[in-house]
Number of protein chains: 2
Amino acid sequence: MALSSLIPSRVKLIDVGPRDGLQNEKAPVPAEVKIELVQRLQDAGLKEIEVTSFVSPKWVPQMGDNAEVMAGVRRAPGVLYSVLTPNMKGFEAAVASRPDEIVVFGAASEAFSQKNINCSIAESIERFAPVVEAALAAGIKVRGAMSCTVGCPYEGDIAPEKVGELARLMKNIGVQRVDVADTIGVGTPRKVQAAIEATLRHYDIDHVSGHFHDTYGQAVSNTLAALEMGVWNYQSSVAGLGGCPYAKGATGNVSTEDVVFLLQGMGIDTGIDLDKLVDAGKYISDFLGRKPNSRVATAILNKRAG
Amino acid sequence: MALSSLIPSRVKLIDVGPRDGLQNEKAPVPAEVKIELVQRLQDAGLKEIEVTSFVSPKWVPQMGDNAEVMAGVRRAPGVLYSVLTPNMKGFEAAVASRPDEIVVFGAASEAFSQKNINCSIAESIERFAPVVEAALAAGIKVRGAMSCTVGCPYEGDIAPEKVGELARLMKNIGVQRVDVADTIGVGTPRKVQAAIEATLRHYDIDHVSGHFHDTYGQAVSNTLAALEMGVWNYQSSVAGLGGCPYAKGATGNVSTEDVVFLLQGMGIDTGIDLDKLVDAGKYISDFLGRKPNSRVATAILNKRAG
């Protein structure tokens with residue numbers, strides 16, 4: 001057989017649907033629906049859930065109920081609940097909600113950093129530094145999302161060196177682990193591996209996660225490519241929640257269902273009950289009035305319908 | 001890097017959209033539309049096209065215009081045009097159309113063989129034998145489609161031994177090359193590799209092609225797994241034509257566009273112009289009154305629309 005021997009025997013999935021997914025929804029989703037979604041995800045076996053974002057409701061009104069959602073989640077032992085905190089103000093608002101982990105959101109592309117968070121990469125790191133310091137002092141874990149690690153909607157291809165440089169900056173300010181994100185879904189196996197390899201110069205394999213978008217249908221194969229490097233942490237989004245803000249109607253986050261199907265089929269332990277996961281995706285999709293954006297969910301729901 | 005060194009530097013794609021795809025359409029597609037689709041595929045750089053099927057129009061009325069379509073195709077040098085011929089009667093009807101290759105269609109699952117072609121695997125081989133003999137005598141190439149090589153809608157998992165046995169039977173009657181098809185799309189990398197490995201005991205790597213369905217979103221990663229074994233021939237379907245007859249509304253054949261995106265992104269030569277391919281898929285999808293079932297086509301068409 002020609003697959004790498006580095007493929008792990010177990011994988012941890014971080015469902016980002018409640019935050020990264022629902023943040024991109026135009027229709028408002030009530031706090032109780034978000035809370036129920038988190039409940040269903042943990043019932044399905046998810047051990048990490050990105051719950052909400054502490055950003056200005058002026059910019060992201062979808063997450064304006066962050067404290068209410070965090071307060072409403074009935075936490076299960078062994079599950080990590082993370083929240084996005086882009087700056088000190090957000091962090092201070094988040095602390096009262098007792099997140100297990102905060103997430104800071106950087107970019108490997110200068111143009112994307114400017115357009116998305118209105119500052120240079122260097123400035124974003126300066127802004128994150130006190131947040132990371134405060135979080136660690138408070139005993140809260142810190143994850144760094146590195147967006148546009150393969151391609152950028154403004155700059156095109158991103159050199160692995162830029163990814164390595166961002167990882168170095170993240171490491172310098174104390175970020176404990178990082179996501180290698182293919183934000184616009186243009187990655188293919190060799191490019192994704194190059195981005196991960198650049199990251200591995202600063203973080204060990206246990207502290208690197210893959211975050212792939214399925215815009216061009218490549219997220220599952222990119223997951224396989226990352227598995228072959230030994231990466232065992234991945235972000236995905238139940239029902240493919242989120243869409244792609246850079247290509248109207250296109251897919252964004254890979255669905256958790258499709259990744260779980262890959263992993264289970266390969267005999268890799270995920271701890272996830274695929275049927276319950278499909279139910280969770282159907283729950284939120286029904287609320288949003290559409291079908292899950294997941295091929296696995298589509299096939300399983302069709303099969304159930306007979 | 002952790003990808004196999006067996007990955008080929010060029011790949012040949014066999015577009016099965018006009019046959020395997022349109023065969024599953026309920027609405028009749030006029031011969032001139034099929035001819036135009038074949039034209040557009042060859043203009044996009046496809047070097048192998050499965051054009052039609054010579055089966056009884058009682059069973060497959062969609063292909064009743066087989067001779068007309070074959071007569072209408074303006075053949076390009078270096079392009080191989082294949083047709084499905086399930087039996088001697090079909091072969092005799094096909095000969096006048098001068099196909100470069102005929103395809104016989106077997107199954108690694110006994111139950112699927114019975115339900116799909118109304119005979120046992122052994123009987124199907126007996127039926128194919130004179131067809132293969134006649135084709136080779138007439139200087140026509142012969143390909144064998146091996147369906148259900150990973151899973152079967154009736155039997156569930158299929159053991160690699162059954163795939164190897166079917167490959168052996170195909171080889172015995174003179175079939176020159178075979179497709180390892182995951183007909184219901186349940187394959188994942190290790191299972192697909194096991195099916196291919198069983199086939200490689202009877203056929204060398206140049207005579208084995210991968211045929212993956214995207215019902216569970218795994219076709220592109222299964223392509224990566226097959227590439228890592230050195231497989232360099234794949235079937236796919238422009239715009240994901242075909243659907244999955246075993247799961248209503250679900251995806252069948254992987255779209256050629258999604259596979260080309262993988263290959264081009266990996267620096268593998270396909271000779272295909274992706275933009276022209278997307279145009280070909282849009283042409284037939286517009287005719288069918290729906291959107292292409294391809295994430296790449298969706299993303300590229302959205303991008304063009306701005």
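Assorted remarks:
- Chains A and B together bury roughly 3800 Å² of accessible surface, counting both sides and using a 1.4 Å probe on protein heavy atoms.
- Calculated mean residue ellipticity at 222 nm for the protein assembly as shown: -12000 deg cm²/dmol, from DSSP H runs with n ≥ 4 weighted as -39500 (n - 2.57), summed, divided by the residue count and rounded to 500.
- Ellipsoid fit via the Cα gyration tensor, chain A: semi-axes of 26, 24, 18 Å, each the root of five times an eigenvalue, largest first.
- Around residue B:152: net Lys/Arg minus Asp/Glu count, Cβ-Cβ under 15 Å: -2
- Sparse packing (at most 15 other Cβ atoms within 10 Å of the Cβ) combined with a DSSP loop state is found for the following GluC sites (Glu not before Pro) in the range B:1-53: B:25.
- Extending 7 Å from Cα along the Cβ direction at residue B:27 and again at residue A:88 yields two label points whose distance is 6.1 nm.
- The mean number of Cβ atoms from other chains found within 10 Å of a Cβ in peptide A:211-218 is 6, as a whole number.
- Radius 12 Å from Cβ of residue B:55, net charge of other residues (Lys, Arg +1; Asp, Glu -1): +3
- Listed residue (B:278, B:146, B:51) projecting farthest to the positive dipole end of chain B, Cβ model: B:278
- Here the peptides A:234-241, A:102-109 are ranked by packing, the mean other Cβ count within 10 Å, and the order with the highest first is A:234-241, A:102-109.
- Under 13 Å of direct C-alpha separation, and excluding same-chain neighbours fewer than eight residues apart, residue A:191 reaches these aspartates and glutamates: A:157, A:161, A:182.
- Relative intensity, log₁₀ I(q)/I(0), of the range A:92-195 from a Debye sum that treats every alpha carbon as a point, q = 0.17 Å⁻¹: -0.74
- Per-residue mean of foreign Cβ neighbours for A:251-258 is 1 (Cβ atoms of other chains, 10 Å radius).
- For residue B:253, residues with placed amide H under 5 Å, excluding near neighbours: B:214, B:243
- Spatially proximal lysines relative to residue B:34 (Cα-Cα < 26 Å; intrachain offsets below 8 disregarded): B:12, B:26, B:47, B:58, B:89, B:141, B:248, B:276, B:282, B:291
- Couplings 3J(HN,Hα) of the range A:8-20, computed from phi: x, 8, 9, 9, 10, 9, 10, 7, 9, x, x, 9, 4 Hz, in residue order, whole Hz [Karplus 6.51 cos²θ - 1.76 cosθ + 1.60, θ = phi - 60°; x for Gly and Pro].
- Rolling a 1.4 Å probe over the heavy atoms of the protein chains gives the range A:12-305 an accessible area of 36 Å² per residue.
- Calculated FRET efficiency, residue B:165 to residue B:290, Cβ-Cβ distance, R0 = 35 Å: about 0.35 to the nearest 0.05.
- Residue-count net charge about residue A:272 - beta-carbon cut-off 15 Å; Lys, Arg +1, Asp, Glu -1: -4
- Chain A residue with Cβ closest to the axis mapping A onto B, distance in whole Å: A:221, 2
- Placing +1 on the Cβ of every Lys and Arg and -1 on the Cβ of every Asp and Glu, with nothing else charged, gives chain A a dipole about its Cα centre of roughly 340 debye.
- Neighbouring partner chain Cβ atoms per residue of A:296-303, average, 10 Å criterion: 6
- Using equal-weight Cα scatterers in the Debye expression, the normalised intensity of the protein assembly as shown in log10 at q = 0.09, 0.11 Å⁻¹ is -0.69, -0.98.
The values are calculated or read from the model by the stated rules, or taken from the named source; none is laboratory data. It should be emphasised that the depicted structure is a prediction, and the values quoted were computed from it without experimental measurement. Using ideal geometry, Cβ is built from the backbone for each residue, glycine included, and neighbour counts are taken over all protein chains shown. Please note that ligands, DNA and RNA were not included when accessible areas were found on the heavy atoms of the full protein model with its side chains. Shrake-Rupley method; radii C 1.70, N 1.55, O 1.52, S 1.80 Å.
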